[in-house]
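Peer 1: Right, I'll just put the structure down here and ask away after.
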Amino acid sequence: MSTPLLKRAYSDELFKQEGNELIQLLSDHLSSHIGEKTDKVIEWSTPNDEYEFWEQFAKEKHSTKNLFETILNRSIATHNPKYIGHQISPTVPVSGLATLLSAMLNNGMAVYEMGAAATAIEKLVVNEFTKAIGYNDNADGFLTSGGTLANLTALIAARKSVAKDDVWNDGHTNKLAVLVSEEAHYCIDRAARIMGLGDGGIIKVPVNENFKINTSQLETAYNNAKNNGYEVIAVVGSAPSTSSGVHDDLEALAEFAQQKNIWFHVDGAHGGAAVFSSKYKYLLNGIEQADSVAIDGHKMMATSSITTALLFKRSNDTYTTFSQKAHYLWDKNDDLEWYNLAKRTFECTKSMMSIRFFSIINAYGTQFFDDYVTTLYDLGKTFADIIESNEEFELAMQPETNILCFRVKGDLDSEEIGNINQQIRRQLLEDGEFYIVSTYLKGVFYLRVTIMNVFTNESHFKALLNKIISIKNNSSINV
Ligand SMILES: *Cc1c(COP(=O)(O)O)cnc(C)c1O
């Protein structure tokens with residue numbers, strides 16, 4: 001028997017009222033941030049202060065509207081043009097609405113019956129990706145929960161396809177290894193460890209002076225691994241690497257992989273979306289030779305998180321990765337049923353992420369992705385020019401994308417300059433007008449930005465640099 005409380009919780013009238021209030025709040029949020037009627041991207045508080053706030057909040061009685069509004073006001077605003085920090089996109093509204101739809105429908109997607117529309121749409125979306133990559137008709141793929149999981153899945157597929165032993169069924173007998181740039185995202189290292197490759201199985205190839213994997217060292221790294229008893233199964237290219245935003249030479253990696261008969265995976269979590277950019281697609285030359293490619297929607301394609309495409313050159317590889325029996329889900333284990341997605345994905349239940357992409361394609365075409373990526377990469381160049389023309393700053397390298405690393409320079413030793421830049425980053429965070437991040441490149445501390453908002457422009461970049469200079473001048477920081 002349903003209770004009065006349950007009836008109220010599921011009331012369509014209440015949903016309509018609270019839903020309308022939420023849409024109004026979000027619409028005001030968009031107008032206030034994109035329209036720059038607010039002067040803060042982030043209202044900084046320490047983790048403990050924030051916890052105390054919510055501890056107190058939980059003791060009081062609040063309407064749902066009040067709860068939502070309070071969350072909005074106490075969260076970082078990715079839609080603000082002065083948000084230039086991590087690689088998360090400000091969700092494009094139509095995709096946000098699609099996410100709300102999927103949240104309410106809660107179709108499980110593991111089997112066709114639990115998500116008919118979104119499953120068929122997923123196939124359409126995958127086709128758009130494989131076409132843009134330049135794969136032939138044999139290509140395939142699926143959507144999965146994040147770049148981290150996509151990279152792990154791709155490496156498991158690589159092991160299945162390349163390793164001499166059947167590790168999936170028999171466990172490890174041989175020592176396996178993957179080759180990856182020392183600048184690769186930490187999740188590749190994590191994936192390899194999850195797969196039991198161990199420290200020795202993650203071979204970090206040094207980068208050259210441009211922060212790209214040094215392809216002239218691949219052969220040596222490969223031979224050393226072999227001499228130490230490892231079977232190398234894959235090489236991973238970063239497109240681009242997270243910290244520096246520069247791309248590995250995918251063509252050279254493809255050639256090397258082919259020569260050695262190993263798997264070539266492209267981690268395009270950030271920049272893989274540039275396959276849709278007519279202007280910047282060239283940065284990904286060679287991607288069409290990859291055995292697998294991971295591309296995040298929630299980074300450079302403006303979907304909500306987490307939404308990732310994992311594409312394979314050969315359809316069959318999508319089916320063999322997790323070959324397993326699960327009779328309560330499907331009767332025939334050996335059929336290549338494209339529509340029973342859990343046969344191919346790491347997840348069992350997964351969200352209806354295909355509609356986050358498709359709502360955009362439906363409304364604006366794939367041209368939206370071209371406009372989005374191209375605009376942001378162009379802005380990377382704009383900001384680089386502004387930094388270069390200001391003698392107080394230096395760039396770590398010329399940007400290839402919307403990721404830039406730079407720092408305040410001065411006549412001090414590198415460590416002191418590092419300290420100054422660290423203090424600047426901290427004060428910017430506490431101030432809250434701008435949001436930028438930081439990184440270490442070859443042990444050197446840099447301020448780092450990812451331009452994620454297509455409404456960020458030259459005046460914001462100049463204002464940021466002015467703010468940094470005034471923080472430097474007004475504080476105890478001495479240069
Ligand atoms: C962000 C990123 C990842 C991780 O992706 P998630 O979607 O955050 O799990 C992996 N690789 C690269 C190059 C990235 O930039």
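Peer 1: So what's the range 368-475 giving for Cα Rg divided by 2.2 N^0.38 Å, two decimals?
Peer 2: With N residues counted in the range 368-475, Rg over 2.2 N^0.38 Å equals 1.05.
Peer 1: Along the three principal axes, how long is the range 191-251 when you take its alpha carbons, biggest first, rounded to the nearest angstrom?
Peer 2: In descending order, the Cα extents are 32, 26, 18 Å.
Peer 1: When N counts the residues of the range 100-364, how does its alpha-carbon radius of gyration compare numerically with 2.2 N^0.38 Å, as a ratio?
Peer 2: 0.98
Peer 1: What accessible area per residue, rounded to a whole number of Å², is obtained for the range 100-364 using a probe radius of 1.4 Å?
Peer 2: Values: 10650 Å² over 265 residues.
I get 40 Å² per residue for the range 100-364.
Peer 1: Also: Which order, highest average first, do 156-163, 93-100, 240-247 follow once you tally other Cβ atoms within 10 Å for each residue and take the mean per peptide?
Peer 2: My ranking of the peptides, most packed first, is 240-247, 156-163, 93-100.
Peer 1: Could you tell me the relative contact order of the range 245-296? Use alpha-carbon pairs under 8 Å, at least six residues apart, and round to a whole percent.
Peer 2: 47 percent
Peer 1: What is the diffusion coefficient of the range 179-291 in µm²/s, taking the Kirkwood radius over Cα pairs and the Stokes-Einstein relation at 37 °C with a viscosity of 0.692 mPa s?
Peer 2: Working: Rh = 14.1 Å.
Rounded, D is 233 µm²/s.
Peer 1: Still on this structure, please answer the following. What do you get for Rg/Rh of the range 1-111 when both radii come from the Cα atoms and Rh is the Kirkwood radius?
Peer 2: Expressed as Rg/Rh, it is 1.02.
Peer 1: How far apart, in nanometres, would the label points at Ala103 and Ile71 be if each is projected 7 angstrom from Cα along the Cα-to-Cβ direction?
Peer 2: Simple spin-label model gives 0.6 nm for this pair.
Peer 1: In addition: May I have the pair-distance distribution P(r) for the chain, computed from all Cα-Cα distances with 20 Å bins from 0 and rounded to whole percent?
Peer 2: 22, 52, 25, 1
Peer 1: Quantify, in whole percent, the carbon and sulfur part of the accessible surface of the range 197-311 (1.4 Å probe; protein heavy atoms only).
Peer 2: C and S fraction of accessible area: 40 percent.
Peer 1: Another question about this same structure. Can you divide the C-alpha Rg of the range 108-213 by 2.2 N^0.38 Å and report the result to two decimal places?
Peer 2: Rounded to two decimals, the normalised Rg is 1.31.
Peer 1: Let me ask something else. Can you report the principal axis dimensions of the range 212-360 using only the alpha carbons, biggest first, rounded to whole angstrom?
Peer 2: So the three principal-axis extents are 49, 40, 22 Å.
Peer 1: Could you give the distance between the Cα centres of the range 337-373 and the range 137-184, to the whole Å?
Peer 2: Between the Cα centre of the range 337-373 and that of the range 137-184, the gap is 22 Å.
Peer 1: Just report the Cα centroid separation between the range 55-80 and the range 403-432, whole Å.
Peer 2: Here the answer is 32 Å between Cα centres.
The values are calculated or read from the model by the stated rules, or taken from the named source; none is laboratory data. Just so it is clear, the model here is predicted, and its values are computed rather than measured. No Cβ is skipped: glycine too gets one built from the backbone with ideal geometry, and neighbour counts run over all protein chains shown. Note: areas computed on protein heavy atoms with side chains; ligands, DNA, RNA excluded. Shrake-Rupley method; radii C 1.70, N 1.55, O 1.52, S 1.80 Å.
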